[in-house]
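Working notes, structure below.
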């Protein structure tokens, strides 16, 4: 193993010893009671299978056959989740073929950040993760099940499903992806058109036409944002079938993988002699593997929040220092938009996750000695699925990348590090992803332009007030203030300013997610402004240093003068009502800081 990866892993193991032991003890107690149908009264059991066929009822009366819980985030508004409509029928048929039963145990909400960007609904986005976790727990609470299949792909959905399922970590669990849509308008062209629209050089009709050519069919959006980062990380954790992440929906191979996932989770169940559940597989080493995969591929900065929450759900404590230390040694091996011009389809065709895993295992960056849903050893994931007639088989990953400009080898990476840095200073603590930022912009020292609302930036841009070197501070965007929305809407404006020759940066207690691109952005800064964090005392014209090279985020104001300033306290009530936001007040009030997962579940130091 790489010595730094090994050291970080051991540090996490030591830090988590008490919380992990407590979690495993709770899961062992649940496991000792299964299969749970044996504990149900006759009335309970009759309710549980009342709608089943007689054959399924006969099966469920006995404890020696598996009942698979399907937890689905299906809706037909999300392109990524629309293909899930037909998955339960495929799963039920495959379960019957194994002499078992599958039931849709419940559904979870699934919102699209692409639809809600810049809209009030975006302020529910982060907390939808914890809502999904609770929905998953409700679905599994009926104690009818021996195994779980999780159907979900996008941003908060996979983390929410995992957090919820880890409360039932004694059950074997497989995540079932649906795959990306075919490639549409090239990403570089999409970015160009967005910036033209931001400059007022084209109209809404032209922009809508371009966006419709980018997002054009069922399947996940093809850029490497949070949704596709989810899929890659879950596969590297061994919670998918090997090579399953990026196979297109509505294809014979995709259906074969869904059937195979059903058969495999049944084989892992207790009635079939299985002994390991999700909580056994999500351990410290698999979490580190996920972080390495995130950093190697320049994945979504959302996962500096979400994977902390997932880890905590399994009793594992990680922090941003773990990310940063790993990032300093793992190589950058992909160039997928926004870190390059090509998309996840090009990555998959070049060799994809199986090639990546093989390279990282050989170079000592991933732990091989982990439990996966297909057995012990991550090396099993250095295989790509294929159909031989109607039979699903796996072949070794390609010997060489099919597109060296998209997917590199570990020995000849695009960069020697992962491009994620932690920033500390008198403005607080945050993170920055520089994998898509040109080196000359890794340090920006410029006057601050301060906004308390993201919509104010658009007006200032259009008025020409930002045509200068500046660091844009967008504050009161943290989880307690307004739910910590993504600020993707700001990207085209900041990109235009940089293209005009100005040195610009962004500092915010909000999020940027997979939209983090060519403009340096210090994000997730805490303490957030609403908590009286330093950002609340920044004023227009203050010189701010954003230094990703040395990990510094500071304001050039004397300590005494800065401390004596009265923090800004804007009226945020307009963000707390309407569009359902009033229902999430308790989550805003209870949210932990981003380095603790920005969750209502863990709102204190461990």
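For the residues 467, 417, the requirement of being outside any strand (DSSP E or B) and within 27 Å of the chain's Cα centre (by Cα) singles out 417.
Mind checking which residues of the range 18-45 are more than 28 Å from residue 280 (Cα to Cα) and surrounded by 12 or more Cβ atoms within 10 Å (Cβ to Cβ)? Result: 44, 45. Taken over the range 295-313, residues that are at pLDDT 95 or above and out of contact with any helix residue (DSSP H, G or I) (no Cβ under 7 Å at 6 or more places or on another chain) amount to 1. Tell me whether the range 350-358 contains one or more residues that are on the phi < 0 side of the Ramachandran plot, surrounded by fewer than 17 Cβ atoms within 10 Å (Cβ to Cβ) and outside any loop (DSSP other than H, G, I, E, B). Within the range 350-358, not a single residue is on the phi < 0 side of the Ramachandran plot, surrounded by fewer than 17 Cβ atoms within 10 Å (Cβ to Cβ) and outside any loop (DSSP other than H, G, I, E, B). The set of residues from the range 559-599 being part of a loop (DSSP other than H, G, I, E, B), under 24 Å from residue 543 (Cβ atoms) and touching a helix residue (DSSP H, G or I) at 6+ places or on another chain (Cβ under 7 Å) comprises 565, 567, 568.
Looking across 380, 429, one residue alone is out of contact with any helix residue (DSSP H, G or I) (no Cβ under 6 Å at 6 or more places or on another chain) and in a strand (DSSP E or B). It is 429. Picking from residues in the range 336-347 that are surrounded by fewer than 24 Cβ atoms within 10 Å (Cβ to Cβ) and at pLDDT 95 or above, the one that is farthest from residue 156 (Cα to Cα) is 346. Applying a threshold of 7 Å to beta carbon distances and a minimum spacing of six or more residues, or different chains, the list of pairs starting in the range 454-473 at a residue that is within 18 Å of residue 541 (Cβ to Cβ) and ending at one that is in a loop (DSSP other than H, G, I, E, B) reads 460/466; 467/500; 467/502; 468/502; 469/502; 469/503; 473/538.
Scanning the range 267-279 for residues that are over 23 Å from residue 101 (Cβ atoms) and either in the same structural domain as residue 436 (by TED's automatic domain parsing) or surrounded by fewer than 23 Cβ atoms within 10 Å (Cβ to Cβ) (or both) turns up nothing. Scanning the range 72-93 for residues that are under 18 Å from residue 52 (Cβ atoms) and touching a strand residue (DSSP E or B) at 6+ places or on another chain (Cβ under 8 Å) turns up 72, 88, 91, 92. Checking 506, 457, 494 one by one, the residue that is closer than 29 Å to residue 585 by Cα, part of a helix (DSSP H, G or I) and touching a strand residue (DSSP E or B) at 6+ places or on another chain (Cβ under 8 Å) is 457 and no other. Filtered by the rule that a residue be under 25 Å from residue 84 (Cα atoms) and either in contact (Cβ under 8 Å) with a residue 40 or more places away in the chain or more than 25 Å from the chain's Cα centre (by Cα) (or both), the range 177-207 gives 177, 178, 179, 180, 181, 182, 183. Take residue 37 and tell me if it is assigned by TED's automatic domain parsing to the domain that holds residue 316, at pLDDT 95 or above and part of a helix (DSSP H, G or I). No, not satisfied. All of (1) out of contact with any helix residue (DSSP H, G or I) (no Cβ under 7 Å at 6 or more places or on another chain); (2) closer than 18 Å to residue 296 by Cβ hold for residue 470 with one exception: (2). Checking the range 432-447 against the condition returns no match, with no residue being on the phi > 0 side of the Ramachandran plot and in contact (Cβ under 8 Å) with a residue 12 or more places away in the chain. Restricting 105, 55 to residues that are in contact with a strand residue (DSSP E or B) (Cβ under 7 Å, 6 or more places away or on another chain) and either at pLDDT 95 or above or surrounded by fewer than 17 Cβ atoms within 10 Å (Cβ to Cβ) (or both) narrows the list to 105. Considering 531, 540, the condition of being surrounded by fewer than 21 Cβ atoms within 10 Å (Cβ to Cβ) and modelled with pLDDT of 95 or more is satisfied by 540 alone. Does residue 205 satisfy being surrounded by fewer than 24 Cβ atoms within 10 Å (Cβ to Cβ) and under 30 Å from residue 457 (Cα atoms)? When the stated conditions are applied, residue 205 passes them.
When residue 175 is tested against the conditions (1) in the same structural domain as residue 149 (by TED's automatic domain parsing); (2) more than 22 Å from residue 242 (Cβ to Cβ), the lone failure is (2). Is there a residue in the range 244-252 that is in the same structural domain as residue 300 (by TED's automatic domain parsing), surrounded by fewer than 21 Cβ atoms within 10 Å (Cβ to Cβ), within 27 Å of residue 294 (Cα to Cα) and more than 23 Å from the chain's Cα centre (by Cα)? For the range 244-252, residues in the same structural domain as residue 300 (by TED's automatic domain parsing), surrounded by fewer than 21 Cβ atoms within 10 Å (Cβ to Cβ), within 27 Å of residue 294 (Cα to Cα) and more than 23 Å from the chain's Cα centre (by Cα): absent. Look at (1) closer than 21 Å to residue 222 by Cβ; (2) out of contact with any strand residue (DSSP E or B) (no Cβ under 6 Å at 6 or more places or on another chain) and you find that residue 332 fails only one, number (2).
Here residue 26 passes the criteria (1) outside any loop (DSSP other than H, G, I, E, B); (2) closer than 30 Å to residue 226 by Cβ; (3) touching a helix residue (DSSP H, G or I) at 6+ places or on another chain (Cβ under 8 Å) except the one numbered (3).
The values are calculated or read from the model by the stated rules, or taken from the named source; none is laboratory data. Note that the structure is a prediction, hence the values are computed from the model and not measured. Ideal geometry is used to build each Cβ from the backbone, glycine not excepted, and the neighbour counts take in all protein chains shown.
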